[in-house]
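Q: The structure's right below; bear with me while I get my questions together.
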Amino acid sequence: MIHILLMGCILGAASGIGNLFIELGFPETNVVIIYLLAVLLISRFTSGYVYGILASLIATILFNYLFTSPYYTLTVDNPSYLLTFIIMTTAAIITSTLTSRIQLNTLKAQEKENETKTLYNLTSRLTDTLEIKEVASIAIQSISQVLNTNVGCLYFNENGNPSDFFLQQKSPTQQTTEYITDENNIKEKVQGTRRGFYIDANYYYWIIYGQENVLGLIRISTEVAEQITDAQKRTLLSMIENTALAMDRIYLSKQRARSNEETTQERQKGDLLRGISHDLRTPLSGIIATAEMLLSMTDDKDVRYLMIKDIQEDTVWLHSLVENVLSLTRLQNGKLSLDKKSEALEEIIDESIRFVTKRFHGYTISVEMPQEMVLVPVDSKLILQVFINLLENAIKHSVKEREIRIIVEKDLKQNKIQVTIADKGEGIIEAELPNIFEPFYTSRAKHVDSKNRVGLGLTICETAILAHGGTITAQNRKDVSGAEFIFTLPLKG
Amino acid sequence: MGQLHEKILIVEDDIQIRKFLSYILENESFEYKTASSGKEAMNSLISESIDMVILDLGLPDIDGLEIIKKVREWSEVPIIVVSARDQDQEKAQALDVGADDYLTKPFSATELLARIRVGFRHYYRMSSTKTQSEIEVGHLKINFDKRIVCLKEEPIHITPMEYNLLALFFKNIGKVLTTKFILKEIWGTAYGEDTQALRTMMAGLRRKIEANPAQPQYIITEIGVGYRMIEQ
């Protein structure tokens, strides 16, 4: 309305000035210029294209009516005026649209600037935050300010579960905590949402999406949300995005701090374990030696003979456990650099069999392998340990007469070798298969004695094989009773 | 088998192991002397006549390698080193600077005595001027004069390089030979440490003399150290 009044005034003034010009004897071209100026001014001070174009047409009609003979009619004597009218109208329309466009752009720029400023303020305030709650508080304050309403925020904790309250802006300076009861439904609703927000009776809920999961919700009352302009919506979305970034950052830094702490603890644990193992090794060798000495001094019918034998066997087991702990801490230290060299597999198998049969007499271990030499890029010490542990494991769950088989197969297609170590023991209880490689997981099949403790042996196998980029599995034999461990190693490292 | 005039020096800082070693040697009627530190050991070696040294590599005062190097400056006395399982590097180094054999803790009396026996036998063989022209290990026989190797009395076809390698093992029966030592003896120094070539040659040789290369009867592998021809 105010624009129409403004248009009327300007056009009226232009007509007055035009009249003055005619009376002063100026040619009527000046009047055309005055009208063009008027249209320009109207376009400048009104918004949109409509008024400018309307003013252009009215100006032409006014010029025709007031300043061309016959005066005060819409007809003309001189047909050349028609050309003037057309040019005048065109010029006026072009001028007005150009002006309007500039103005529109200015407006848009202003909006952009406001948006940027708001976002900048938000971001800079969010940068220093250390807690999620702080982020939520700043976010709702800023959003409330921009939308000129009071919004609320609910955030999800690190485990991805929603908190049971909304942090709600009450006034520009006041925030309260509003508890909710349906926090369990929130997750479902969020999961069912595809548009970035969902609606209930009172609120629109905008979802704050983090890099990996949902971080929270921003709720805006329905009346406000429905009236939101596109520009405001854009700003709102940007603000939510910034909030998400800040929340992500906080969770990430917390996670990093926690994992750092865990690594340090892990390392300390490893160092401690390694230190203890080192110190245990020498006295254990001593005990083993002393027990052997005592054995040689004792008649094997003496009851003490068996007691000493038990001491010796347990100590040998403890000693190998200590060695295993040392290997494992070396492996789990993370900084383990595998000392990989091209090794002949037959040599490793040879040494492992000799090592094992030195401790356990009377077992038959057979080896089947390709006729040509198999060279594998491995850390020979570790793979030797793998063979020793798997053979010892097979021996522990087998009886002397039953053969233990080592089968080596080359899989050229997949560029790897596969090693199977199969025994004819009682096999593995199916339920225990998934846990068999876990540290200190001991079979429940038999009562625990020095022969059946598993301890770390299989864990080391798994860790070592995985470190080489291979795989290891345990299963029961299909042909006869017994277990088989199958591992693969890449042929090119 | 103890010969009373042979005196063995035990260098070991752990009292239990030292007692154990002493007990075994005493049982076998060897004469022995103990030292709990490198300094003590050096004193004994300088002032007394010692026929063999059993040396722990992890001594508190002097590095075991240093002791071996020093001793080798004036003496060829057999040295058997004793080490923990994760000391491969040091084991190989010890052998390369002049130790004769090694034992990994924990070891049994049988193992120790076997090593001592090999050590003495080798020592006497090296010092005697008489060289055997034929040696037999199990079913494997070598004739140095004719440069032939027979398996179950049947001559086997081997390349000159393989013969040299096998001859080297026959001259050092029971003794561990480091990869470095073998490379130097067979290829000369120029080849440096091309362990790959040696490994391939070993694999080839094993396929000619062993029934099952993964469970060899004659030449066994000492992972990370070298090879050893077993006494039958």
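Each value in this text was obtained by applying a stated rule to the coordinates, not by laboratory testing. These figures come from a predicted structure and were not determined experimentally. Counting neighbours? That spans all protein chains shown, and the Cβs are built from the backbone with ideal geometry, glycine included.
Q: Exactly which trypsin sites (Lys or Arg not before Pro) in segment A:269-370 are in a DSSP loop and have at most 14 other Cβ atoms within 10 Å? The partial results should precede the final answer.
A: On the way: sites: A:269, A:274, A:281, A:301, A:304, A:309, A:330, A:335, A:340, A:341, A:354, A:358, A:359; in loops: A:301, A:335, A:340.
Sparse-neighbourhood loop trypsin sites (Lys or Arg not before Pro): A:301, A:335.
Q: State whether segment A:131-255 is rounded, prolate or oblate according to the following rule on the C-alpha gyration tensor (a ≥ b ≥ c being the square roots of its eigenvalues): a/c under 1.5 gives rounded; otherwise a/b larger than b/c gives prolate, and the remaining case gives oblate. It would help to have the intermediate numbers written out before the result.
A: Working: a/c = 1.34, a/b = 1.24, b/c = 1.08.
Rounded.
Q: Once the Cα gyration tensor of the protein assembly as shown is diagonalised, what are the square roots of 5 times its eigenvalues, in whole Å and ordered largest first, as equivalent ellipsoid semi-axes? Walk me through the numbers on the way to the answer.
A: Numbers: eigenvalues 1829, 203, 129 Å².
The equivalent ellipsoid of the protein assembly as shown has semi-axes of 96, 32, 25 Å.
Q: If you don't mind, another one. Quick check: from the Cα gyration tensor, does segment A:338-490 come out rounded (a/c under 1.5), prolate or oblate?
A: Prolate, since a/c reaches 1.5 and a/b exceeds b/c.
Q: Given the DSSP H assignment, sum -39500 (n - 2.57) over each helix run of at least 4 residues in the protein assembly as shown and divide by its residue total; what's the result at 222 nm in deg cm²/dmol, nearest 500? List each step's numbers first, then the result.
A: Values: 20 runs with 373 residues, N = 725.
When only DSSP H runs of four or more count, the value is -17500 deg cm²/dmol.
Q: For A:364-371, what's the mean count of beta carbons from other chains sitting within 10 Å of each residue's beta carbon?
A: On the way: counts 0, 2, 3, 4, 2, 3, 0, 2.
Taking the mean over all residues of the peptide, I get 2.
Q: If each residue's Cβ is checked for other Cβ atoms within 10 Å, how do B:74, A:206, A:317 rank with the fewest at the top? Show your work: numbers first, answer last.
A: Values: B:74 9, A:206 26, A:317 18.
Placing the least packed residue first, the sequence is B:74, A:317, A:206.
Q: Tell me the angle of helix A:50-67 to the major Cα principal axis of chain A, expressed in degrees between 0 and 90 and rounded to the nearest ten.
A: With both axes taken from Cα atoms, the answer is about 10 degrees.
Q: If you don't mind, another one. Scan segment A:134-227 for GluC sites (Glu not before Pro) in coil per DSSP, keeping those whose Cβ has at most 15 other Cβ atoms within 10 Å, and list them by number.
A: Working: sites: A:134, A:158, A:178, A:183, A:188, A:212, A:223, A:226; in loops: A:158, A:212.
Within segment A:134-227, the qualifying GluC sites (Glu not before Pro) (loop, at most 15 other Cβ atoms within 10 Å) are A:158, A:212.
Q: Right, next: Take B:107, A:26, A:487 and order them by how many other Cβ atoms sit within 10 Å, fewest up front.
A: Values: B:107 21, A:26 13, A:487 25.
Ordered from fewest to most neighbouring Cβ atoms within 10 Å, B:107, A:26, A:487 come out as A:26, B:107, A:487.
Q: Mind ordering A:254-263, A:141-150 by average Cβ neighbours within 10 Å, highest first?
A: Working: A:254-263: 10.8, A:141-150: 18.8.
Going by the mean number of other Cβ atoms within 10 Å, highest first, we get A:141-150, A:254-263.
Q: Taking a 27 Å limit on the Cα-Cα distance, which of the listed pairs B:33/B:105; A:492/B:141; B:69/B:171; B:69/B:105 fall beyond it? Don't jump to the answer; show the numbers that get you there.
A: Details: B:33/B:105 21 Å; A:492/B:141 39 Å; B:69/B:171 23 Å; B:69/B:105 23 Å.
Table pairs above 27 Å Cα-Cα are A:492/B:141.
Q: If we sort B:95-106, A:64-75, A:231-242 on the protection proxy, mean other Cβ atoms within 10 Å, highest first, what's the order?
A: Numbers: B:95-106: 21.1, A:64-75: 12.6, A:231-242: 17.8.
Order by mean packing, descending: B:95-106, A:231-242, A:64-75.
Q: Across peptide B:14-26, how many C-beta atoms of other chains are within 10 Å of each residue C-beta, on average?
A: Numbers: counts 5, 1, 10, 7, 2, 4, 9, 2, 1, 7, 4, 0, 0.
Mean shielding count: 4.
Q: Quick check on the exposure proxy: order A:164, B:56 from fewest to most C-beta atoms within 10 angstrom. Please list the in-between numbers first.
A: Details: A:164 14, B:56 26.
Ascending Cβ contact count within 10 Å gives the list A:164, B:56.
Q: Once you average over the residues of A:345-357, how many Cβ atoms of partner chains fall within 10 Å of each Cβ? Kindly include the intermediate steps, with their values, before the conclusion.
A: Values: counts 1, 11, 12, 3, 5, 12, 5, 2, 2, 6, 2, 0, 1.
For peptide A:345-357, the averaged partner shielding equals 5.
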